Amino acid sequence: MMKRIIYETQEQKVVVVGPFEGARLAIAVALRDGTVLSSDKSMPADRFLRRWPVEGAVATWSESEDAFLQRIADSTVPSSAKRVAIVNASQIPADRSRRDSWTFDEIVGARVL
Amino acid sequence: MSIDQWSTTAGNNASGVTGVNWAEGQAPSTVNDSARAMMADVAAWYGQAKQNLALTSVAGTNTITATGAAQIASLAANQIFTIIPAATNTGATTLNVTPSGGAALGAKNVFANGAACAGGELKLGVPSILLYDGTQYNILAYPVATQADQEAGTSGAVAVTPAKQQFHPSAAKAWCHNDAGTTISAGYNISSVTDTSTGDHTFTFTTAFSSANYCTIATAKSAFGGSAASTLIAMVSADSGSSSAVQIYVLRVLDGAKADPSFWEMACFGDQ
């Protein structure tokens with residue numbers, strides 16, 4: 001599962017950014033029936049199929065996951081953020097009942113107080 | 001060319017075809033003449049086929065003139081011509097073909113999709129195929145819609161390809177379906193979703209709108225029953241004025257407090 005970008009605001013709140021894989025740059029997409037859609041230049045995966053994901057389709061990425069995450073972080077994390085980290089999705093609490101009490105933890109990601 | 005005088009019945013080809021004589025007992029001196037005449041016929045036929053009745057020296061916008069192969073003696077049903085227009089037509093259109101070295105065959109209407117052209121069916125520099133049906137020319141291959149065609153949304157003369165479909169004003173430019181958190185299960189033109197707090201998400205577009213004047217429709221799917229306490233409403237944040245992202249709140253109808261839905265669903269319409 002795609003990693004998450006988390007950052008801490010000046011008010012010490014935790015914000016979680018979930019990048020969408022369909023926006024990650026690819027050079028080709030192979031469909032389940034063997035059809036391969038390719039481009040001579042990189043483009044978001046959902047430009048090949050106009051939506052993403054599509055069951056059985058496999059993308060040939062032209063952008064590493066780290067580079068993609070960094071690109072998303074650049075466009076979503078405000079310069080006022082106190083701290084930023086990239087964490088695994090599993091490091092984000094599934095229980096949202098106390099969502100507004102999450103705190104920033106660079107080791108474990110978002111943490112419930 | 002006299003190949004059109006040839007018969008599919010072999011016995012009928014003994015004589016009567018200009019320059020050809022394959023009659024029984026023919027004089028030996030006519031053999032080479034007949035062979036050369038046949039070669040000339042086939043060469044002429046090949047020349048015509050090779051040119052595929054391509055029209056050249058195309059001129060005019062709605063009153064189009066063009067030059068055709070010299071072999072086109074007259075117009076006949078099911079003739080196919082290719083043309084590269086010298087201009088984009090703007091209304092009812094006629095085409096007058098003149099065989100090379102011959103006389104004009106007469107102006108005929110150009111139809112598109114069974115009706116007289118209204119404009120835009122023939123595009124400057126874009127090859128088209130025309131079928132003459134005995135009365136008029138019919139455009140067989142429509143030009144492809146550009147982004148501008150789609151955004152104008154008025155032309156009935158161009159065909160839409162999947163690559164341009166989304167530029168029509170009626171088409172959603174972005175949509176997303178994601179869970180209460182930041183897991184997007186399906187979407188289009190969305191690069192990320194930002195979970196700012198309970199009931200407060202921001203959706204960032206891969207390709208931004210051309211301005212902040214676009215329309216967002218959002219719904220919040222609740223996991224709970226139909227009680228007032230579980231009834232949710234999604235709304236665009238008053239602070240959301242960006243062309244590159246939209247901030248959406250989900251509120252509980254009972255008390256107006258922000259709440260998490262089971263799923264966020266949103267779509268945006270506007271100009272990119």
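Once you've got the GNM for chain B with C-alpha springs shorter than 10 Å, pick whichever of B:216, B:194, B:18 has the biggest mean-square fluctuation.
B:18
Per-residue mean of other chain beta-carbon atoms within 10 angstrom of the beta-carbon, peptide A:67-76?
Numbers: counts 0, 2, 1, 0, 2, 4, 1, 0, 8, 8.
Mean partner shielding for this stretch: 3.
Please list, in chain and number order, the residues 5+ apart from residue B:168 or on another chain whose amide H is under 5 Å from its amide H, with Hs placed from the backbone.
none
Based on the alpha-carbon gyration tensor of the stretch B:144-192, what equivalent-ellipsoid semi-axes (square roots of 5 times the eigenvalues) come out, in whole Å, largest first? Present the calculation step by step, with values, prior to reporting the outcome.
Values: eigenvalues 181, 16, 10 Å².
Semi-axes from the Cα gyration tensor: 30, 9, 7 Å.
Looking only at A:73, A:94, A:57, which one moves most when chain A is put into a Gaussian network model with springs between Cα atoms under 10 Å?
Result: A:94 has the largest fluctuation of those listed.
Mind jotting down a quarter of the surface of the convex hull over the alpha carbons of the stretch A:11-63, in square nanometres, one decimal?
The directionally averaged projection comes out at 4.7 nm².
Taking neighbour counts of Cβ atoms within 10 Å as a proxy for exposure, in what order, fewest first, do B:132, B:137 appear?
B:132, B:137
With unit charges on the beta carbons (Lys and Arg positive, Asp and Glu negative) and the dipole taken about the Cα centre of the protein assembly as shown, which residue among B:74, A:35, B:56 sits farthest to the positive side?
Checking the options against the dipole of the protein assembly as shown, the answer is A:35.
Under a Cβ-only charge scheme (Lys and Arg +1, Asp and Glu -1), can you give me the dipole magnitude of the stretch B:125-272 about the Cα centre, in debye to the nearest 20?
Charge dipole, the stretch B:125-272, about its Cα centre: 80 debye, nearest 20.
With θ set to phi - 60° and the Karplus curve 6.51 cos²θ - 1.76 cosθ + 1.60, what are the ³J(HN,Hα) couplings of the stretch B:202-216 in order, to the nearest whole Hz, using x for Gly and Pro?
Values, residue by residue: 10, 9, 9, 8, 5, 10, 6, 6, 6, 7, 7, 8, 9, 10, 10 Hz.
Quick one: give the max-minus-min coordinate of the C-alpha atoms of the protein assembly as shown along each principal axis, largest first, in Å.
113, 41, 40
Can you list the HN-Hα couplings for the stretch B:35-42, worked out from phi with the Karplus curve (6.51, -1.76, 1.60; θ = phi - 60°), rounded to whole Hz and with x for Gly and Pro?
Using θ = phi - 60°, the values come out as 4, 5, 5, 5, 4, 5, 4, 5 Hz.
Once you have the Kirkwood Rh of the stretch B:117-221 from its Cα pairs, apply Stokes-Einstein at 10 °C and 1.306 mPa s and quote D in µm²/s.
Calculated translational D: 93 µm²/s.
Which value in Å does the Kirkwood hydrodynamic radius of chain A take, with 1/r averaged over all unlike C-alpha pairs and then inverted?
It works out to 15.5 Å.
Calculate the translational D of the stretch B:44-128 in whole µm² s⁻¹ from Stokes-Einstein, where the hydrodynamic radius comes from the Kirkwood formula applied to all Cα pairs, the temperature is 10 °C and the viscosity 1.306 mPa s. Could you put the intermediate results ahead of the total?
On the way: Rh = 13.1 Å.
It comes out at roughly 122 µm²/s.
Relative to the Cα centre, what is the charge dipole magnitude of chain B, using +1 at the beta carbon of each Lys and Arg, -1 at the beta carbon of each Asp and Glu, and rounding to the nearest 20 debye?
320
Expressed as an acute angle from 0 to 90° and rounded to the nearest 10, what is the orientation of the C-alpha long axis of helix A:65-76 relative to the principal long axis of chain A?
60
Determine, for A:100, A:33, B:260, the number of other Cβ atoms within 10 Å of each Cβ, and report the residues in order from fewest to most.
Starting with the residue having the fewest Cβ neighbours, the order is A:33, A:100, B:260.
Within the stretch B:1-39, whose backbone N sits under 18 Å from a point 7 Å along Cα→Cβ of residue B:74?
Of the residues in the stretch B:1-39, B:1-6 have backbone N under 18 Å from the label point off residue B:74.
Running a GNM on chain B with Cα contacts under 10 Å, which residue among B:19, B:199, B:120 ends up with the highest mean-square fluctuation?
Maximum fluctuation in the GNM of chain B, among the listed residues, is at B:19.
Can you give the log10 of the normalised intensity I(q)/I(0) at q = 0.08 Å⁻¹, computed with Debye over equal Cα scatterers of chain B?
-0.60
How large is ³J(HN,Hα), in whole Hz, for each residue of the stretch B:89-99 in order, when computed from phi with the Karplus curve 6.51 cos²θ - 1.76 cosθ + 1.60 and θ = phi - 60°, using x for Gly and Pro?
Residue by residue, the stretch B:89-99 yields 5, 10, x, 3, 10, 10, 10, 10, 9, 10, x Hz.
Compute from the Cα atoms of the stretch A:61-103 the Rg and the Dmax, the latter being the longest Cα-Cα distance, and quote both in angstrom.
Just the Cα atoms of the stretch A:61-103 yield Rg and Dmax of 13.1, 38 Å.
Kindly give Rg over Rh for the stretch B:1-159, based on alpha-carbon atoms, with the Kirkwood expression for the hydrodynamic radius. Present the calculation step by step, with values, prior to reporting the outcome.
Working: Rg = 20.8 Å, Rh = 17.9 Å.
Rounded to two decimals, Rg/Rh equals 1.16.
With unit charges on the beta carbon (Lys/Arg positive, Asp/Glu negative), name the residue among A:90, A:16, A:56 whose Cα is farthest towards the positive pole of the charge dipole of chain A.
A:16
Only the coordinates and a few stated rules stand behind these numbers; no lab work does. Keep in mind that this is a model prediction, so the values were computed, not measured. All Cβ positions, even for glycine, are placed from backbone atoms using ideal geometry, and neighbour counts span all protein chains on display.
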